[in-house]
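Participant: Structure below; questions to follow.
The values are calculated or read from the model by the stated rules, or taken from the named source; none is laboratory data. Predicted, not measured: the structure shown is a model, and the values here were computed from it. Backbone-built Cβ (ideal geometry, glycine too); neighbour counts: all protein chains shown. These area figures cover heavy atoms from the full protein model, side chains too; ligands, DNA and RNA do not enter into them. Shrake-Rupley method; radii C 1.70, N 1.55, O 1.52, S 1.80 Å.
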Amino acid sequence: MALCVGFDTSNYTTSAAWFDGLEGRNESRILDVPKGALGLRQSDALFLHVKRLPEIVERLLDGRDLKNAAVVAASSRPRETEESYMPCFLAGICEAKTLAVSLGAAYMEFSHQQGHLAAAAWSAGHEELLDQPFLAWHLSGGTTELLHVVPEGTAVHAEIIGGTTDISAGQLIDRTGVLLDLQFPAGRYVDELYYESDCASSFCVKINDLRFSLSGMENKVKGMIERGEGKANVARFAVDTIASAVRRTTDEAKKIYPGLPILCSGGVASNSVLRKVMSDAYFAMPEFSRDNAMGIAVLAYRAYEAERRV
């Protein structure tokens, strides 16, 4: 079996993984964000990735010999479009290229989004999705996109057909968390708070052509806090509003693309409420919903095996 290694250095998580066609391992660490901040500048994220990568690789090895690795791959951009670029991915690219040269392995690049989709499909036990058209949500701190995904070689091509027109679901959750004095990124803590709520409320955002806006919800969250609403009730409002918007948009998309399976990926897809509301969708395991390098390693393996069979 071929061993393939993947790197992903997003704006918030340093990760590396290996995959051999049957088993895989991912090691990740969330970057440190100052208390009260809403994120990191790209220059700060890049610096932190460079510092963290040796530790991540050491943890990834832990008894595994990479000397026979066939491919080392990295996520090089947010999406598979020409204009898509973020400096933080340079850390993973440089690490992967250096490792590939030292091992005499092939080097490959994929997009961060392709990695999310591959990790979600693989960890959900439905890697076959990558070989057929399907609908997918990429729900993260920077992205809330509904995608029409089709096979492209051994990888996938995703076309945006819907989602938010302004802030992402992850941004709303993180901004809600910061307002509630929770740790950033706030997804896990908002999810936990949800179940302490004693009052259910949400806002039915307007959906137009599979698109919706969440920016006004941040002001509603601020208003609830100013009125003295309990933290758990505020968290529940934000989560229920997002879950409702995703559910109703999905139902509209199913009318346009009947019969296509639905896959949910990205950090917000680990939210327990969303998983219940989207019971007809495939979800990644929570650890592979968040930013990770496993999808990059899976795509590298698929590409290597396809080339070997030619």
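Participant: It is to be established whether one or more residues within the range 33-49 are under 22 Å from residue 301 (Cβ atoms) and touching a strand residue (DSSP E or B) at 6+ places or on another chain (Cβ under 6 Å).
Facilitator: Among the residues of the range 33-49, not one is under 22 Å from residue 301 (Cβ atoms) and touching a strand residue (DSSP E or B) at 6+ places or on another chain (Cβ under 6 Å), which makes the answer no.
Participant: Can you work out which of the residues in the range 251-273 that are in a helix (DSSP H, G or I) and more than 18 Å from residue 210 (Cα to Cα) is modelled with the lowest pLDDT?
Facilitator: The residue in question is 267.
Participant: Then there is this: Among the listed residues 203, 212, which satisfies the condition of being at pLDDT below 95, closer than 17 Å to residue 245 by Cα, in contact with a helix residue (DSSP H, G or I) (Cβ under 6 Å, 6 or more places away or on another chain) and not hydroxyl-bearing (Ser, Thr, Tyr)?
Facilitator: Values: 212 fails: at pLDDT below 95.
Answer to the check: 203.
Participant: In addition: Would a scan of the range 178-188 turn up a residue that is within 15 Å of the chain's Cα centre (by Cα), at negative phi, touching a residue at least 12 places away in the same chain (Cβ under 8 Å) and in a strand (DSSP E or B)?
Facilitator: No, the range 178-188 has no match at all.
Participant: When the range 233-252 is examined, which residues are found to be open to solvent by less than 20 Å² (accessible area, probe 1.4 Å) and over 15 Å from residue 264 (Cα atoms)?
Facilitator: Step one: list which residues in the range 233-252 are open to solvent by less than 20 Å² (accessible area, probe 1.4 Å), which gives 233-235, 237-239, 241-243, 245-246, 249-250.
Correct list: 233, 234, 235, 237, 238, 239, 241.
Participant: Is there a residue being of a type in the set (S, T, N, Q) and open to solvent by less than 80 Å² (accessible area, probe 1.4 Å) anywhere in the range 93-112?
Facilitator: Among the residues of the range 93-112, at least one is of a type in the set (S, T, N, Q) and open to solvent by less than 80 Å² (accessible area, probe 1.4 Å), which makes the answer yes.
Participant: Return a yes/no flag: does the range 220-240 have any residue that is under 23 Å from residue 116 (Cβ atoms) and touching a Ser or Thr at 6+ places or on another chain (Cβ under 6 Å). Don't jump to the end; show me each part of the working.
Facilitator: Step one: filter the range 220-240 for residues under 23 Å from residue 116 (Cβ atoms), giving 238-239.
With touching a Ser or Thr at 6+ places or on another chain (Cβ under 6 Å) added as a condition, the list becomes 238.
Yes: the range 220-240 contains one or more residues that are under 23 Å from residue 116 (Cβ atoms) and touching a Ser or Thr at 6+ places or on another chain (Cβ under 6 Å).
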